[in-house]
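Each remark here refers to the structure printed beneath this line.
The values are calculated or read from the model by the stated rules, or taken from the named source; none is laboratory data. Not measured: the values here are computed from a predicted model. Because the Cβ atoms are built from the backbone with ideal geometry, glycine has one as well, and the counts that use them run over all protein chains shown.
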Amino acid sequence: METGRTIVFLSDFGYRNEWVGICHAVMNRIAPTSPIVDLSHGVPALDVRGGAVLLSDSLPYLAADAILLAIVDPSVGRDRDVALETADGRLIVGPDNGLLAPAAATLGGIARAVEVTSPDVVLTPISPSFHARDVLAPAAAQLAAGRALDTLGPPIDPGTLAELTIPEPTVERGKIECEVLDLNRFGNVLLNVRDWQLQEAGLDGAEAIQVDSTSGAGRAQRVSTYSDVAAGDWGLIVDPRGWLLVIRGNPANAAEGLGSVGPGDPIWLTVAH
């Protein structure tokens, strides 16, 4: 039996309920030979931007012919459910709330888009609160099984799709004003700063960098690995996705030390004195 196209699945569902498993079951019934890769189901609840960044950053490691299924949908039932073809031929399925926009832009933009409404694709009755099961997972599986994009529903003008851009830091000589993109379970703080922006600010050669939030601060050393930071000390490391990460040596917690910051909170980086 020929193997179907891989489906890469991203969501904020977690694993405390049946949502991920049910979506798997629906896709397996429609496309039984398609492998399903769970990219992450740990996106912070309702964090569209966090999911968008994770999906876009993961693209270099995903199979070029994989169907991408991304679901972080705070307004489920209100936003359109869409399937997109990017300029390089990738197929992405998800809600029209900006979640797919950074990945699509990274892949050269959107060539075609449809709203997923076809009655022989969606499961009925459609639950008002679980379009993942009834609309989006079936659409991804149908594409993986070889169904044509334009049979999923009516075409959409790509220019009407929701946009979402990742904020850029403000870089000055000796200072970067940035913000928290995400936190991980260890309390490490992901910033919207790339390594080259430290160089642009002249901070790359600093002996130590002051990390300030509105309610906390730390004096961080530039390090290459987590093991370079002693217990309780602060460090700045480039994470595997290329973003700057504020860390502390175990058992300390960088997010707590910065005043329990969260996504979107402002951070300032300067030379420590």
- Message: Can you tell me which residue is nearest to Asp134 (Cα to Cα) among those in the range 57-75 that are at pLDDT 95 or above and of a type in the set (Ser, Thr, Tyr)?
- Response: Ser58
- Count of residues meeting criterion [assigned to a loop (DSSP other than H, G, I, E, B), under 22 Å from Ser56 (Cβ atoms) and under 22 Å from the mean Cα position of the chain (by Cα)] in the range 127-164: 4
- Among the residues of the range 89-99, is there at least one that is polar (S, T, N, Q), modelled with pLDDT of 95 or more and farther than 26 Å from Arg185 by Cβ? no
- Task: Could you tell me whether any residue of the range 102-111 is of a type in the set (S, T, N, Q), more than 18 Å from Ser40 (Cα to Cα), out of contact with any His (no Cβ under 6 Å at 6 or more places or on another chain) and at pLDDT 95 or above?
- Result: yes
- Task: Look through the range 76-87, keep the residues that are at pLDDT 95 or above and not basic (Lys, Arg), and return whichever of them is surrounded by the fewest Cβ atoms within 10 Å (Cβ to Cβ).
- Result: Ala87
- Expected output for the range 236-250 (first residue in the same structural domain as Val180 (by TED's automatic domain parsing), partner crowded, with 21+ Cβ neighbours inside 10 Å and among the charged types (D, E, K, R), Cβ below 9 Å, 6+ apart or cross-chain) is Trp243/Asp182
- Note on the structure: For the range 79-95, the count of residues that are under 15 Å from Leu55 (Cα atoms) and in contact (Cβ under 8 Å) with a residue 60 or more places away in the chain equals 1
- Item | Restricting the range 118-170 to residues that are hydroxyl-bearing (Ser, Thr, Tyr) and without any contact (Cβ under 8 Å) to a residue 24 or more places away in the chain, the residue that is farthest from Ala70 (Cα to Cα) | Thr170
- When you scan the range 178-225 for strands (runs of 3 or more DSSP E) that lie fully inside it, which ones turn up with 1 or more residues that are surrounded by 14 or more Cβ atoms within 10 Å (Cβ to Cβ) and in contact (Cβ under 8 Å) with a residue 60 or more places away in the chain? 189-194, 209-212
- Task: Please identify the pairs in which a residue from the range 27-48 that is within 11 Å of Ile7 (Cα to Cα) has its Cβ atom under 8 Å from the Cβ atom of a residue that is part of a helix (DSSP H, G or I) and β-branched (Val, Ile, Thr), counting only partners at least 6 apart or on another chain.
- Result: Asp38/Val20
- Looking at this structure, is Asp233 charged (D, E, K, R), surrounded by 15 or more Cβ atoms within 10 Å (Cβ to Cβ) and in contact (Cβ under 8 Å) with a residue 24 or more places away in the chain? no
- Hey, Val116 assigned by TED's automatic domain parsing to the domain that holds Leu59, out of contact with any His (no Cβ under 8 Å at 6 or more places or on another chain) and of a type outside the set (Gly, Ala, Ser) or not: yes
- Task: Hey, could you check the range 14-56 for residues that are hydroxyl-bearing (Ser, Thr, Tyr) and not in a loop (DSSP other than H, G, I, E, B) and say which is surrounded by the most Cβ atoms within 10 Å (Cβ to Cβ)?
- Result: Ser56
- Message: Anything in the range 89-103 that is surrounded by 24 or more Cβ atoms within 10 Å (Cβ to Cβ), in a strand (DSSP E or B) and aliphatic (A, V, I, L, M)? List them, or say none.
- Response: Ile92, Val93
